[in-house]
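A quick write-up on the structure given underneath.
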Amino acid sequence: MILRIVLVAFAVTLLQIPFLKFVGGLLLLWIGYKLMVDSGGEEEHDLQAPDKLFAAIKTIIVADIVMSLDNVLAIAGAAGQVDDQAHQLGYIVFGLLVSVPLIIGGSRIVLFLIDRFPIIVTAGAGLLGWIAGGMIMSDPGVMKFFGPGVESYGLVAGAIGAIAVMGAGELVKRKHKKA
């Protein structure tokens with residue numbers, strides 16, 4: 001939890017750098033797409049257990065950072081879309097307070113619900129696409145490049161991001177089913 005708080009605080013600060021939100025948005029689009037595509041089947045990962053304590057700790061930290069990345073980007077991106085800077089921290093804390101316990105404590109329930117209602121994965125991927133589209137359009141570099149008023153297209157960009165992620169993911173899943 002502390003690692004996620006540090007990462008989100010760091011991400012919110014970094015997202016003020018021009019074109020970093022753009023890159024983060026593209027990364028969220030990719031994560032959403034992979035969520036859609038990889039949700040169809042079981043994959044085996046060839047991981048080797050480390051034999052030294054330090055190596056095991058390093059593996060756990062790296063895995064936590066990698067697995068936290070989509071959560072961190074989504075929370076930072078969603079909070080960054082709030083106009084009132086004073087409320088951003090509140091949204092970040094709320095996002096972490098809701099998402100982390102849900103992921104940790106409710107993972108069994110969430111997995112059961114995902115198995116029973118696969119549309120949840122599609123909705124989650126769409127949400128990542130929506131946030132990504134908004135992040136891309138609210139990037140300081142993008143706003144400077146396209147000029148004033150471009151941020152008003154955030155809703156359109158969010159919808160395009162959601163549709164693109166869900167559509168591309170569904171097309172690839174259907175293509176793999178035929179093969």
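At-a-glance table
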read-out	value
Lys173-Leu20 pseudo-label distance in nm [points 7 Å out on the Cα-to-Cβ vector]	3.4 nm
Cα gyration tensor shape of region 87-179, rounded if a/c is under 1.5, else prolate or oblate by comparing a/b with b/c	oblate
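Read-outs: derived from the displayed coordinates by stated rules, not from any lab. From a predicted model like this one, the values you see are computed outputs, not experimental measurements. As a convention, Cβ positions derive from the backbone with ideal geometry for all residues, glycine included, and neighbour counts pool all protein chains shown.
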